[in-house]
Amino acid sequence: MAKLVMQDVADCVVIDKQTGKTAIYAQLQLSGLQGSISEEDLRAGIGNGRIFKIRTDKALDLNLRSATVDLEWLAMQQGVEVEEGETVRVTKIETVQAAAVTGTPGSFKVTITGTPINNTVRVTNVDGEQEVATFTTGEILLPSDFVNAAGDKVTVSYYEQVTGNRIQFDASKFSKKYRVELHTIAYSLETAEVYSDIYFVFDEAMPSGDFSFSLESGSVITPEVTFAILAPQGSTVMGELVEVPRT
């Protein structure tokens with residue numbers, strides 16, 4: 001077997017074991033495999049010398065970090081599906097300028113871009129005073145004496161229905177089992193050319209439900225997921241590493 005150099009991260013395929021569907025195909029920033037084992041010294045004789053190592057509880061954990069945010073990652077960890085075309089109520093806030101109402105001296109209005117639920121909004125002026133107002137045909141007539149002149153800033157908050165892709169955080173649901181495959185390449189130490197493909201195959205992997213999203217200015221979110229590698233029923237083999245030389 002040739003001496004190899006591995007320096008690239010792996011591509012990842014995650015397959016739903018129930019449906020056979022490719023749940024995720026991702027180019028990763030990091031793919032780490034950690035093995036652990038419980039070891040205990042067996043001691044005996046005069047001086048209580050160590051005569052053996054009792055080894056049990058061999059475990060494998062796979063940690064993956066994606067360079068991009070994919071809703072499928074989070075859905076997989078939560079044990080749910082990405083629901084497309086779902087309608088959800090969200091809060092919209094717009095800061096706009098008041099304009100004079102034509103033909104009505106001393107009256108002012110504002111225009112917003114959204115469509116409030118039940119045509120109801122809350123308006124806040126520069127003094128922090130807040131009032132409930134009504135949205136009619138794209139405009140909001142402001143209460144009397146709410147602003148002093150055209151051009152004054154007004155903050156408008158309201159509920160609006162939006163439609164998009166949804167993930168629900170359901171306390172009764174947990175992640176299921178997946179098949180995970182990693183693929184990377186290895187270089188020949190002698191020629192520095194790509195010599196072989198390296199595959200890591202784990203037929204039964206269960207993602208941890210733990211996750212963390214830190215939304216910070218100037219920082220890119222790189223989601224991570226950890227899989228506990230399990231042994232299939234009737235087998236003690238948790239996974240395989242295969243090196244396939246290129247012809």
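The values are calculated or read from the model by the stated rules, or taken from the named source; none is laboratory data. Only a predicted model underlies this, so the values are computations on that prediction, with no experimental measurement involved. Heads up, the Cβs are rebuilt from the backbone with ideal geometry, glycines too, and the neighbour counts pull from every protein chain shown. Each accessible area value is taken on the protein alone, full model and side chains, heavy atoms only, with ligands, DNA and RNA left out. Shrake-Rupley method; radii C 1.70, N 1.55, O 1.52, S 1.80 Å.
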Which entry in (i) -0.80; (ii) -0.89; (iii) -0.56 matches log10 I(q)/I(0) by the Debye sum over Cα atoms at q = 0.11 Å⁻¹ derived from the coordinates of this structure?
-> (i)
In whole Hz, the Karplus estimates of ³J(HN,Hα) for the range 214-228 (6.51, -1.76, 1.60; θ = phi - 60°; x where Gly or Pro) are 10, 8, 10, 4, x, 10, 7, 6, 10, x, 10, 9, 10, 9, 8
Value at 222 nm in deg cm²/dmol, rounded to 500, when DSSP H runs of n ≥ 4 in the chain each add -39,500 (n - 2.57) = -1000 deg cm²/dmol
How far is the Cα center of the range 207-247 from the Cα center of the range 54-103, in Å?
-> 19 Å
Using a cut-off of 14 Å between beta-carbons, work out the net charge of the residues near PHE227 (Lys and Arg +1, Asp and Glu -1, PHE227 not included).
-> -2
Hey, got the dipole for the chain? About the Cα centre, +1 on K and R Cβ, -1 on D and E Cβ, debye to the nearest 20?
-> 500 debye
Trypsin sites (Lys or Arg not before Pro) within the range 1-53: which are DSSP loop residues with at most 10 other Cβ atoms inside 10 Å?
-> LYS3, LYS21
Going through the range 131-187, which trypsin sites (Lys or Arg not before Pro) have at most 13 other Cβ atoms within 10 Å and a DSSP loop state?
-> LYS173, LYS176
Which order do LEU71, LEU64, LEU215 take when ranked by solvent-accessible area (1.4 Å probe, heavy atoms of all protein chains), largest first?
-> LEU215, LEU71, LEU64
Extension length gain for GLN233 and ARG246 (0.36 nm per residue less Cα distance), in nm, is 1.3 nm
May I ask for the longest run of the chain untouched by chymotrypsin sites (Phe, Trp or Tyr not before Pro) that are loop-located per DSSP and have at most 11 neighbouring C-beta atoms (other than their own) within 10 Å?
-> 1-168
Compute the signed sum of charges (Lys and Arg +1, Asp and Glu -1) over the other residues within less than 13 Å, Cβ to Cβ, of SER175.
-> -2
Work out the charge dipole of the range 3-145 with +1 on the Cβ of Lys and Arg and -1 on the Cβ of Asp and Glu about the Cα centre, then indicate which of LEU28, GLY103, THR115 is farthest towards its positive end.
-> LEU28
P(r) over all Cα-Cα pairs of the range 24-154, 5 Å bins from 0 to the longest distance, whole percent per bin, short to long, reads 2, 7, 11, 10, 7, 5, 5, 6, 7, 7, 6, 5, 4, 3, 3, 3, 3, 2, 1, 1, 0, 0
